[in-house]
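A short reminder: the numbers here are calculations on the coordinates, not readings from a lab. These numbers were taken from a predicted model, which means no experiment stands behind them. Reconstructed Cβ throughout: ideal geometry from the backbone, glycine too, with neighbour counts over all protein chains shown.
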Amino acid sequence: MRPLQLKLNYFGPYRQQKIDFTKFDRTSMFLISGPTGAGKSTIFDGLVFALYDKASGSQRDPKEFRSDFATIHDETSVELTFTHRGHYYQLIRKPKQTLAKKRGQGTTEQSPQIELTIYADETPTQEIKQLTKIDQANKYLADLLQLNAAQFRQIVLLPQGEFRQFLNGDSNQKEAVLRNLFQTQRYEQWVKQLQTQYKQLKDDNGQRQQKIQTLLQQVNWLPTLAPDDQVSVTEQLDLLQQQTDQMKAKESEQQAQAAQLKEELEQQQAELTQRQYIKTLFEQQQEAQNTLATLQRQTPQITQMQQQLDQLKWAQDNHQHYQSLQQVTAEFTQAKAQLATAKDSAQVIKQQQVLLQQTAAELQTHEKEQQELQTQLIQYADLIPKYQQVTKLQQAKQQLAKEITQQQQQHQQTDEQLQTVQQQIKELGELQEQTADLYLQQRQLDQSADQLKKLQELVNQATDFYQQISVINKELTTQQQHVQVATERQSKIQTDYRQVKSNYAAQQIAILQRDLLPNEPCPVCGSRDHSQIKLVQNDAPIVNEELLDEMDQQRQAVEKEVATLESSITTLQNSSQQLQQKYEDTWQQIVQQTADTNMATLDEVKQFSTLNLKKRDKEQAKLSQKQAEITAQQQKLTEYKEQSQQLTVKSQALQVQINDQQRQLAIVETQFQDLQQQLPTEFASSAELTDFLTSTKQRVAEFKKQQMILQQQLQQNQQQQAENKTDQRHYQQQIETDQTKLEQLQTEMTTIFNQSWPTLSFKAQCEQYERILTQLDQQADLVAQIEQYQQQIVSQQAVLQRLKQQLKDYQEIPDLKQLQQQIQQIQSEQSTVQEQVGQLKNQISQQIKITENVKELMSDIVDITPLQELSELARGNGSQKLGLERYVLQTYLTQVLLVANQRLAKLTRGRYRLALAEELGSARKNSGLELNVFDDYVGDYRSVRTLSGGESFIAALALALALGEVVQQQTGAIEINALFIDEGFGSLDEEALNTAIEALMSLESQQRMIGIISHVRELQAQIPAQLKVISHGNGESSIQYQVDED
């Protein structure tokens, strides 16, 4: 993965800034410089934010990236383009931000956005996929990079200050960094789960034992079986079983007594039930007699209710006839009222007719005036086109005059430009003779550059071979020393193993012989006489199978280690020979190309190549400047000639246009004067004439409208008079008809009412009848009450007859008191026995349940000693003070040190080598991940904290680079072809700074872009290719490039 460009829009101190990394494609290293706080680290914040939506450091939040000077109209975004494995990627990410609404006023909260575009090859030409959903794009990037944000920062951005802290930090500090990089949190979580499981089991065992004691304390012991405090749980369970057996026997005796009492009670209760039934029958007979007497006293009320019911039925039978009388009366009254209303309306309609006739006479007086207005409309309508033509001619005159003035000014400007261009052409006429000499000089410089580049490539190859040979030889010496140490350890382990194995065999023989019976053949020697058995001496060490297996594993492990080291030595020797041959071949090529210089060393050749390249670059720069000047002047000359031709043509065309427009203006002026004389003087313009015509048309139309409305109102008045006469005749006929019906119905109703109220007037009879009608809803209730009364009489008479038949054999009510007392005595005795049985049952059940629960709890108690030992060991509380996670991290750190030592050997010319400290610290934080450094000058290990500033810088740099490589290998991530080293130089003294600069200059890029971030002046002098961050003092910064400068 190689970054190409990074665009920052309103991001940190950058307004709209593009960082182009492709400008440094031809150099292996460049410097990113600028004052503190200018925004150097913000570049990498943008890089990490684009890929991971995070900052490049843990102290910064992505929400803080939006520029302080950004307004609500300025959108913050980051765009990153990069290539990887034949594909071009374009990534645009926008954070959550508050912006102005696109429509209307106010602001809106814009959600985070992303746009990831993938192209078919390494050019942005053929798009094959685009992702705009954040989850999908983030997953695609995670699958592509195979790194999280912390791992990416480790590989791409090396903050030197932090890694010197890592180098010198204790094991706890290193553990925190490595855990994040290698994602070993699961081991720590597993150890915590193990500790939690142990504590849980321990607590569970304690709770079970407490429950057992609580359960046993609940037992109500018999005095003869009660245990003392010294009795064990098992013994208490045996005593509890004896007590339970005794209680079961006593329960059987009491159950038999309870059964006998139950039988006696059932006999007495049967007799009591029979006597209670007879008593109930006597009570029912008395109650039925009382009820029948009560009903007979209600007979007068029922008779009255029957009379009321008969009257209601009579009223209901005549109700329809009475309703007809009421309806005809209402129709007669309504017809009289409608006739009076119709007569009043006839008077109003007559008055309206008189008013309408007066209005018609008034309109007739204005008829002549309207005819004169219509004549004027016809005469003046023909003048409107002439007025419109005059207005158009006036506008045409003004437009022509304006265009003539503009073209005259443009013609004058064109002539002045033409004179200026012709003067420039004259001054640039003598430049063609210098082009051939410049071409020849350029060809010579190109040939020289090709030769120097080939020589420099050969020098770099030879240097690389030489350094690799030194590293391999150093490693070969180390491996040979390791083989010697391992071989000695192998000899000692094999001797110890054979001795332990012999002791184990002797112990097994002694054990077999000790258990032999008399006259039984010995499995070792076959003898039947065992009097001469030799037992193992008491002071001999006891050997078991575990110890023997452990020593056998140690023996096999050291044998494997020796074989591995010997194989490694052979591989290193072969690699050294191959590299030596490549180095000699390359040196012969260098000698052939530098035969005329008499140079004998690589340093001399390298210095020669560098000086000549710089000299060639200076000459090329001067030549390029001359070529650019000539090219620019030739281009200007061509442009001036083209401009001269164009301006000449333009001047001539403008003069022709001016002449044509002046002739057109004279023609228009003549037409305007002729037409103006044909118009009347009372209207100054067509607008005044149009206003007059419009108002006149409105007056004529309004008069016609009034005439039409008046005619409609007269017709409507006549129609209303005819309809009113028809209504009066209809109402008069209805009154006569209703009066005849009303007289007939009154006669019929009088005959009906006289049957019940002969002395009352007809009006009083109607009022009495209507009062009865209001009670018609009571008819159903009266019928129900009468029928219910009759049914109750019949029912009670039947009950009395039945009870008399049932009690014919009994003369009086039986006595129950003595029998009830006997039953109570038996029930009391039965309750006492049942209570005793219940108590025994409950106690027996409780004791059985306690026994079962105690046994179950005892079976659930587990042995937690192995789990405790495993938990303590995994937590690092053993003798080695090394927990499970730290053991795993120790393995990763060992891999990192192997890679780091290869770089450190190059950077220190084989003097230093990092290694894990084998000695235990005084505390856990000082054990497992401590680092020592082997100093080849003194031949011994010492702490990395004893290194000087420059040495510490080199060691930390090698360690940081190795961490990045190992993380990349472990995660299977893509290759990141970019590396940035951030600060850490300002705190070094002069000697340490020089050492650090030498280390940085010796880094091999291997096609990897390396950027050094610093504001130290010494680095600016040593690294010519630079990306400069310029602070403008107002919170904004910009980027400048310095490429191929000395």
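For this structure, a couple of remarks:
- Neighbour cut-off at most 15 other Cβ (10 Å), DSSP loop, trypsin sites (Lys or Arg not before Pro), the range 727-836: 808
- Taking amide hydrogens as placed 1.01 Å from N in the peptide plane, the amide H of residue 978 sits under 5 Å from those of 1009, each at least 5 positions away in sequence or on another chain.
- Remark: the residue 827-residue 726 segment gains 25.8 nm on full extension, using 0.36 nm per residue and subtracting the alpha carbon distance.
- Relative to the compact-globule estimate of 2.2 N^0.38 Å, the Cα radius of gyration of the range 540-595 comes out at 2.39.
- Each peptide in 224-235, 954-965, 204-215 receives the mean, over its residues, of other Cβ atoms within 10 Å, and ordering these scores from highest gives 954-965, 204-215, 224-235.
- When you count the other C-beta atoms within 10 angstrom of each residue and take the mean per peptide, 335-345, 350-360 line up highest first as 335-345, 350-360.
- Of all beta bridges that DSSP places with both ends in the chain, some 75 percent have antiparallel geometry.
- Neighbourhood net charge (13 Å Cβ-Cβ; Lys/Arg +1, Asp/Glu -1) for residue 557: -2
- Per-residue Cβ neighbour rank within 10 angstrom, fewest leading, 329, 638: 638, 329
- Neighbours of residue 690 by Cβ distance under 15 Å: Lys/Arg scored +1, Asp/Glu scored -1, total -2.
- Near residue 651, once Lys and Arg are set to +1 and Asp and Glu to -1 for all other residues with Cβ below 11 Å from its Cβ, the sum equals -1.
- Taking packing as the residue-averaged number of other Cβ atoms within 10 angstrom, the listed peptides 179-186, 411-418, 629-636 run from highest to lowest as 179-186, 411-418, 629-636.
- The range 238-302 gives an Rg/Rh value of 1.62, both radii derived from C-alpha positions and Rh following Kirkwood.
- Taking the helices alone, the chain has a mean residue ellipticity at 222 nm of -24500 deg cm²/dmol, built from -39,500 (n - 2.57) per DSSP H run of at least 4 residues and averaged over all its residues.
- Student exercise, the range 659-777 dipole from Lys, Arg, Asp, Glu Cβ charges, in Debye to nearest 20: 260 debye
- Computed from the C-beta positions of residue 739 and residue 709 and an R0 of 41 Å, the FRET efficiency is 0.35 to the nearest 0.05.
- Once Rg and the Kirkwood radius are both taken over the C-alpha atoms of the range 592-671, their ratio Rg/Rh works out to 1.70.
- Computed over the chain, relative contact order equals 28 percent, with contacts defined as Cα pairs under 8 Å that lie 6+ residues apart.
- For the range 1032-1038, 3J(HN,Hα) computed residue by residue from phi via the Karplus equation (6.51, -1.76, 1.60; θ = phi - 60°) reads 9, x, 10, x, 10, 9, 9 Hz, glycine and proline entered as x.
- Alpha-carbon centroid distance for the pair the range 821-869 / the range 649-706, whole angstrom: 125 Å
- Taking other C-beta atoms within 10 angstrom as a stand-in for reagent exposure, 164, 2 fall in the order 2, 164, fewest first.
- For the range 883-921 and the range 247-265, distance of Cα centres in Å: 89 Å
- All lysines inside 17 Å of residue 402 as judged from Cα atoms, apart from same-chain residues fewer than 8 positions distant: 392
- Euclidean distance between Cα centres, the range 926-943 to the range 1-54, Å: 38 Å
- Violating pairs (Cα-Cα greater than 29 angstrom) within the set 454/906; 18/615; 94/1028; 18/133; 368/725; 622/1028: 18/615; 368/725
- Positive end of the dipole of the chain (Cβ unit charges, origin at the Cα centre): among 105, 707, 718, the Cα lying farthest that way belongs to 707.
- Dipole axis of the chain (+1 Lys, Arg; -1 Asp, Glu on Cβ), positive-most option in 644, 86, 739: 644
- Amide H contacts of residue 66 (H built 1.01 Å from N, under 5 Å, at least 5 apart or other chain): 12
- Only alpha carbons enter this Debye calculation for the chain, each as an equal point scatterer, and the log10 of I(q)/I(0) it gives at q = 0.06, 0.09 Å⁻¹ is -0.87, -1.31.
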